[in-house]
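Below you'll find the structure, written out as structure tokens, and then a few comments.
Here, each number is a calculation from the coordinates, and none is a lab measurement. Model, not experiment: these values are computed from the prediction. Don't worry about glycine lacking a Cβ; one is built from the backbone with ideal geometry, like all the others, and counts go over all protein chains shown.
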Amino acid sequence: MSAPRLLEPLVLRGVTLPNRLVVAPMCQYSARDGLVGDYHLVHLGRFALGGFGLVLVEATGVTAEGRISHGDVGLWSDEHIPGLARVAAFLREHGSVPGIQLAHAGAKASSRRPWEGGGPVTTGDAVPGEEPWPTVAPSAVPAAPGYPTPHALTAAELGGVRDAFVAAARRAWTAGFDVIELHAAHGYLLHEFLSPLTNRRYDGYGGSREARMRFPLEVAEAVRAVWPEDKPLFVRVSSVDGSRDGLTVEDTVAFARALKAAGVDAVHTSGGGLGNGWQHPIGYGYQVPFAARVRLEADVATVAVGLIVDARQAEAVLAAGQADLVALAREAQDDPNFALHAARELTGGSFDTYPVQAGPRLASRGELLARLGPWAGPDPVQVEQPA
Ligand SMILES: Cc1cc2nc3c(=O)[nH]c(=O)nc-3n(C[C@H](O)[C@H](O)[C@H](O)COP(=O)(O)O)c2cc1C
């Protein structure tokens, strides 16, 4: 049996990912004033214990106004650094590369948490202390029916947003992250610049494909300029808009080429977030063809994502040369030990590796038992559970 590609390390600049499995960023809407807490440490930490090579912290607001909701994680102030540093250190200590997604929600900011019904926060129904705030976007186009009309950023204001990404990148470095992913997908600010559905500008930042790409590229270049030379930079894109009258894969290939020229190391090929629903096929691995196309035509490393739920499926994506990394969101939530399970399944080995505290990340079961010593308590089978 040849060695599984899923378990091969990947060297990107000076960073070695121990395997090809990535936890995709997942908003938890559980931060207070942008600060992470124990919840985030446990939520993310279990993926490191479960063997994932790269764990990406959820969309993290580079400004307070750039949050999707009041519960988003933030990096717009130095106060946000210590909590995230604790998360990054834990991930690293337990064998994962710590990464973070930097984001600005644009016209989709000031939304309610999903379990509060989603949609825009309105003054009438706001939880006390969680009032709506004015939103910004490339053009005065509401995120969806019912959303307020955002303020169209002036050319001068764009500099401020770019600088906020740069400042957040510096803070991510201070916090100890090894990978930054810029969020240019899912209908948020950078995607709103890229898409003809939401960009109605004629000032050099809109109109042609090149002009729509200009601001996201300026952000990528500015972040690359401060992000250490030995650390990789990823960009997440919506490879296509939800509806067929928006961004196309050809647009995304052109953007990926420009990103590569700007020093971006990998393109994370997601999809959707703008337009009327999702008018493309959906099913297992439905976005893998985007990763394959971008990898082939833009000659850049790609991260495939979208209903990848099985070790053999993930292995097949890599073996076919469709992507360099495979990311999971919902399946990772469902099985935080997915990477350990995949290793067992693909190598045909027994599941005799366990993460242990303050030791080599994967000690053998024998080592673990030796450390614990002989069982000295009552026979576990006979212990009665409390009612
Ligand atoms: C709970 C949840 C939160 C998410 N939050 C983010 C996010 O912060 N940033 C992002 O780019 N995508 C986010 N996504 C999208 C996922 O990263 C992923 O692209 C999508 O769920 C498809 O992958 P899957 O089929 O493995 O779940 C989120 C998805 C879920 C389920």
Segment 5-382, dipole about Cα centre (Lys/Arg Cβ +1, Asp/Glu Cβ -1), debye to the nearest 20: 400 debye
Added length on full extension, which subtracts the Cα-Cα distance from 0.36 nm per residue, D334 to E250: 26.9 nm
Taking the chain and dividing mean pair separation by its residue count, relative contact order in percent (alpha carbons under 8 Å, at least six apart): 15 percent
Calculated FRET efficiency for the pair S2/T123, C-beta based, R₀ 45 Å, to 0.05: 0.15
Helix-only mean residue ellipticity at 222 nm for the chain, each DSSP H run of n ≥ 4 adding -39500 (n - 2.57), per residue, nearest 500: -10000 deg cm²/dmol
Sites excluded, GluC sites (Glu not before Pro) in DSSP loops with at most 16 other C-beta within 10 Å, longest stretch of the chain: 230-383
R0 of 45 Å, Cβ-Cβ distance L296-E130: FRET efficiency to nearest 0.05: 0.50
FRET E, pair S208, Y286, Förster distance 22 Å, beta-carbon r, rounded to 0.05: 0.15
Cβ-based net charge around K260, under 14 Å, with every Lys or Arg adding one and every Asp or Glu removing one: -1
Sparsely packed chymotrypsin sites (Phe, Trp or Tyr not before Pro) within segment 130-217, loop by DSSP, other Cβ within 10 Å at most 14: Y202
Spin-label proximity, A140 to segment 178-204 - amide N less than 20 Å from point 7 Å beyond Cα toward beta carbon: 189, 192-193, 196-204
